Amino acid sequence: MMPARPRVPTNPASMLAACIGAALGAGCSGWQSALDPKGPRADAVAKLHWSLVTVATVVYVIVISALIFALWRGYRRPVPDQGHFHQETPEQADTMKRGVIVAVALTVIVMLAFVVTSVSVGSAVARVPGNKPLRIDVVGHQWWWEVKYPDPDTHNNFETANEIHVPVGRPVLIKMTSQDVIHSFWAPNISGKKDLIPGHETVTWFRADSAGVYRGQCAEFCGHEHAKMAFFIVAEPRLEFESWMQKQRGEAPEPPDSLTQAGQKVFLSGPCVMCHTISGTPAAATVGPNLTHLASRRTIAAGTLPNNTGNLAGWILDPQSIKPGVKMPPTQLDPSSLRALLAYLESLK
Ligand code: CUA
């Protein structure tokens with residue numbers, strides 16, 4: 001599976017942010033920017049952002065111009081004789097007083113307008129639209145995202161990790177909680193932040209209006225590997241989404257050949273079963289991500305690495321060198337067992 005293709009930003013502000021993002025190494029896969037909104041929630045936040053920036057810029061220009069004018073006027077005033085300081089006439093003093101009052105009043109009005117717009121945008125984006133949202137449950141873990149798709153018919157329930165597929169144009173309702181510490185769900189192109197709190201359920205929603213792969217990131221410091229707790233929102237046309245969902249609902253495919261059969265044996269007889277689930281096999285632990293359709297995912301280690309054979313091998317043998325502090329221990333495997341295990345994991349489409 002190829003890593004997510006970076007998306008090309010569409011406006012100058014996004015391009016600038018793209019350069020900064022790429023320089024910081026954030027642009028490895030998928031594009032992440034609050035200034036390139038792809039849904040109504042992010043759009044409202046971006047519009048609010050630009051309106052505040054515009055007003056603040058105008059105010060800044062006025063204040064700096066007034067300062068320069070005052071300096072210039074003071075500079076041109078003749079130097080007073082000794083003991084003779086410049087005295088304003090009563091009219092000049094009155095004008096100055098009026099000027100101060102107008103400036104204070106304008107400042108108060110601008111600040112109040114900021115408060116009113118930001119509160120009203122906040123409450124507008126918080127309202128979940130009523131028309132049959134898709135329900136998804138997200139559980140935060142140090143340092144990965146458990147993603148569940150509950151269905152009225154529980155046989156259809158399935159689970160994945162670090163990759164949230166959604167249909168374009170349909171509202172998505174996300175119920176969230178955390179297994180350990182506070183995390184925060186943030187996919188800047190799609191929606192603002194919402195915290196995941198242990199022992200408490202929080203709710204957020206979003207709608208992706210154009211197809212694409214949008215990177216998200218934990219936005220609340222949650223320990224050692226907070227920076228490597230990313231996820232992807234994959235927004236696809238309805239039919240594509242439904243065929244993805246149909247595949248995810250199924251059990252893992254049977255190993256198709258002797259190599260993958262040997263790999264399954266390595267998986268089931270090794271430490272992997274202590275933490276992971278592969279449905280249709282005896283592996284049913286829930287400590288780490290569900291691997292039933294691992295090969296269908298774009299990345300491993302919560303958005304840290306593209307999902308390919310080399311990265312998977314490195315991750316299995318020594319996850320601590322890639323993500324120090326991660327719960328997964330290193331696994332000792334001889335080369336033939338590793339090859340078989342990799343073949344098996346890559347067959348989990
Ligand atoms: Cu999870 Cu930061």
Report task. Divide by every residue of the chain the summed helix terms, -39500 (n - 2.57) for each DSSP H run of at least 4, and state the resulting mean residue ellipticity at 222 nm, rounded to the nearest 500 deg cm²/dmol. Result -> -13000 deg cm²/dmol
**Report entry** Candidates Ala161, Ala208, Ala283: whichever shows maximal mean-square fluctuation once the chain is modelled as a Gaussian network with Cα springs under 10 Å
**Finding:** Ala283
Query raised in the report: Averaged per residue, what accessible surface does the chain expose to a 1.4 Å probe, in Å²?
Result: 55
Report summary line: Unit-weight point scatterers at every alpha-carbon of the stretch 178-267, Debye formula, q = 0.23, 0.26 1/Å: log10 I(q)/I(0) is -1.06, -1.19
Report summary line: Measuring from its Cα centre, the stretch 175-220 shows a charge dipole (+1 at each Lys and Arg Cβ, -1 at each Asp and Glu Cβ) which, in debye to the nearest 20, is 160
Report summary line: Measuring from its Cα centre, the chain shows a charge dipole (+1 at each Lys and Arg Cβ, -1 at each Asp and Glu Cβ) which, in debye to the nearest 20, is 660
Requested in this report: Rounding to the nearest 20 debye, state how big the charge dipole of the stretch 268-346 is about its Cα centre with +1 on each Lys and Arg Cβ and -1 on each Asp and Glu Cβ.
Outcome: 200
Query raised in the report: Just going by the charge dipole of the chain, with Lys and Arg at +1 and Asp and Glu at -1 on Cβ, which of Thr331, Val213, Asn162 is farthest out on the positive end?
Result: Val213
Report task. Quick one: grab Rg to one decimal and Dmax as a whole number for the stretch 258-345, Cα atoms only, in Å. Result -> 12.0, 35
Report task. Name the residue, out of Val273, Val168, Val59, whose mean-square fluctuation peaks in a Gaussian network model built on the chain with Cα pairs under 10 Å. Result -> Val59
Requested in this report: Rank Gly130, Ile101, Tyr75 by how far each Cα sits towards the positive end of the charge dipole of the chain (+1 on Lys, Arg Cβ; -1 on Asp, Glu Cβ) and give me just the farthest.
Outcome: Tyr75
Query raised in the report: Which of Ala105, Ala93, Ala42 moves the most in a Gaussian network model of the chain with Cα springs under 10 Å?
Result: Ala93
Requested in this report: Provide, for the chain, the number of lysine pairs with alpha carbons under 12 Å apart, each pair being eight or more places apart or on different chains.
Outcome: 4
Query - Percent RCO, i.e. relative contact order, over the chain, from Cα pairs under 8 Å lying at least 6 residues apart - result: 17
Query raised in the report: How many percent of the accessible area of the stretch 258-345 is carbon or sulfur, using a 1.4 Å probe?
Result: 63
Query raised in the report: Once you wrap a convex hull around the alpha carbon atoms of the chain, what is its projected area averaged over all directions, in nm²?
Result: 25.1
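The values are calculated or read from the model by the stated rules, or taken from the named source; none is laboratory data. Because the structure is a prediction, the values reported are computed rather than measured. Positions of Cβ are generated from backbone atoms using ideal geometry, with glycine treated the same way; all protein chains shown enter the neighbour counts. Side chains included, ligands, DNA and RNA excluded: accessible areas come from the protein's heavy atoms. Shrake-Rupley method; radii C 1.70, N 1.55, O 1.52, S 1.80 Å.
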